[in-house]
1. Looking at R96 and the list (1) under 23 Å from D123 (Cα atoms); (2) within 23 Å of the chain's Cα centre (by Cα); (3) charged (D, E, K, R); (4) part of a helix (DSSP H, G or I), which single condition is not satisfied?
2. Out of curiosity, is A331 hydrophobic (A, V, I, L, M, F, W, C) and open to solvent by 40 Å² or more (accessible area, probe 1.4 Å)?
3. Which one of the conditions (1) surrounded by fewer than 24 Cβ atoms within 10 Å (Cβ to Cβ); (2) modelled with pLDDT under 95; (3) at positive phi; (4) not in a helix (DSSP H, G or I) does L37 fail to meet, given that it meets all the rest?
4. Being touching a residue at least 60 places away in the same chain (Cβ under 8 Å) and either more than 19 Å from L250 (Cα to Cα) or not in a loop (DSSP other than H, G, I, E, B) (or both) is the filter here; which residues of the stretch 270-287 pass it?
5. From G304, G349, which residue is within 20 Å of G209 (Cα to Cα), open to solvent by 40 Å² or more (accessible area, probe 1.4 Å) and touching a Ser or Thr at 6+ places or on another chain (Cβ under 9 Å)?
6. From the set of residues in the stretch 258-301 that are of a type in the set (S, T, Y) and farther than 20 Å from A321 by Cα, which is surrounded by the most Cβ atoms within 10 Å (Cβ to Cβ)?
7. Cβ-Cβ under 9 Å, sequence separation 6+ or interchain: first residue in the stretch 131-142 and of a type in the set (S, T, Y), partner open to solvent by less than 10 Å² (accessible area, probe 1.4 Å). Which pairs?
Amino acid sequence: MKIGLVVNPWAGIGGPAGLKGSDGADSVQAALAAGSLPQVSARLAAMFDACGEAAQAANWYTADGEMGLHALLAAGLQACAVVPVASPSQAADTRRAACILAGMGMDLLLFAGGDGTARDVLDGLRDAGAMGSLPVLGVPAGVKMQSAVFANHPLAAALLLRQLLQNGLAVCCDAEVMDLDEDALRRNQIVPRLYGYLQLPLAPTLTQGGKARHVSGSGAQRMAIARSFAESMEVRSLYLIGPGSTTQALLALLGVDGTLLGVDAVQGDGTLLARDASRRTLEDLADGWQEPLHLVLSPIGGQGLVLGRGNQQISPRLLRAAGPRGLHVLAPPGKLMSLHGGVLRIDSGDAELDAEFNGYLSVTTGYREQTMWPVSV
């Protein structure tokens, strides 16, 4: 099997800094100035490690340097770099690499990044006339990942890749490529746009699907959830409250001027400690706090991601400090129903830590109403 690999080396760098994305040189520079580091190399390493010897069976073609060759060589794989790129790479390099690899008759195009990278891959395949014929698989490594072309987790990408290498390509399906306007996101505005469709190997349990919208419940439902959780808050504890309309209702009930799409740090008595905080700020707060740490999150409708999509400010270190007892999930019933019997997922960036949360989590779905919901990497 001939597999092409395209990597966005800056993917995910804006997440820990709370920048809502990593599109454009200005965002990358702002993230670097805030102390953020690229996430993509570690995520690819986790995928290749889980894929094991099966990856040796593929013929790998890629772009030079950090856009693919370095990751393959680090995994001990032989690869042919067929796309020279400048450093630092740009979005145009991703489009060109996807176009060149598609023209070489790949059986599968693997890419690592987020929604912006998926857009560039789509444009490259369109230029090559392969948008509707070449199967693709995205390794989730960005901040915005609402498109349906991504695996659930790097380990899920590894499992799907192993299946394809062992059994060959089977049925593919149309998978939407979505993206959000980052400037609008920074103004707390959600402006989604559908850019097109790519072909994805059909594996519903391993790929995340598209985000389900309009499943955040009524205002009354969200307020009932907020009231229920607020009654359990401990006055001296530290709460890191993630993005979403359900968690926004909790902030409103507490009288906190928080953010819809960021992570806010709040003491249990309602004192706002940090608004739209970066990972560094949150870790510094947690390190100096003597009382328990709590993470308050809401999953993405239709996908079930509790952590790892748009809330990368919450690091593995913070997740480990909170532990299962300190992880609180708030979701209206409709959001859980949008999973169609699927599981909740955690993708913190630390695969071993994520696996520790496999099992069940209690989800607050109404006033003094909880349901146990399965969790799986």
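The values are calculated or read from the model by the stated rules, or taken from the named source; none is laboratory data. Not measured: the values here are computed from a predicted model. Positions of Cβ are backbone-derived with ideal geometry, glycine not excepted, and every protein chain shown enters the neighbour counts. For accessibility, only protein heavy atoms count, side chains too; no ligands or nucleic acids. Shrake-Rupley method; radii C 1.70, N 1.55, O 1.52, S 1.80 Å.
1. Looking at each condition in turn, R96 falls short on (2).
2. Criteria not met by A331.
3. (3)
4. At the first step, the residues of the stretch 270-287 found to be touching a residue at least 60 places away in the same chain (Cβ under 8 Å) are 276-280.
Selection gives S278, R279, R280.
5. Details: G304 fails: open to solvent by 40 Å² or more (accessible area, probe 1.4 Å).
That would be G349, the only listed residue that is within 20 Å of G209 (Cα to Cα), open to solvent by 40 Å² or more (accessible area, probe 1.4 Å) and touching a Ser or Thr at 6+ places or on another chain (Cβ under 9 Å).
6. T259
7. S133/L125
Residue-by-condition table, conditions (1) at pLDDT 95 or above; (2) closer than 24 Å to A25 by Cα; (3) surrounded by fewer than 20 Cβ atoms within 10 Å (Cβ to Cβ); (4) not basic (K, R):
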position	(1), (2), (3), (4)
L72	yes, no, no, yes
D107	yes, no, yes, yes
Q146	no, yes, no, yes
A170	no, no, yes, yes
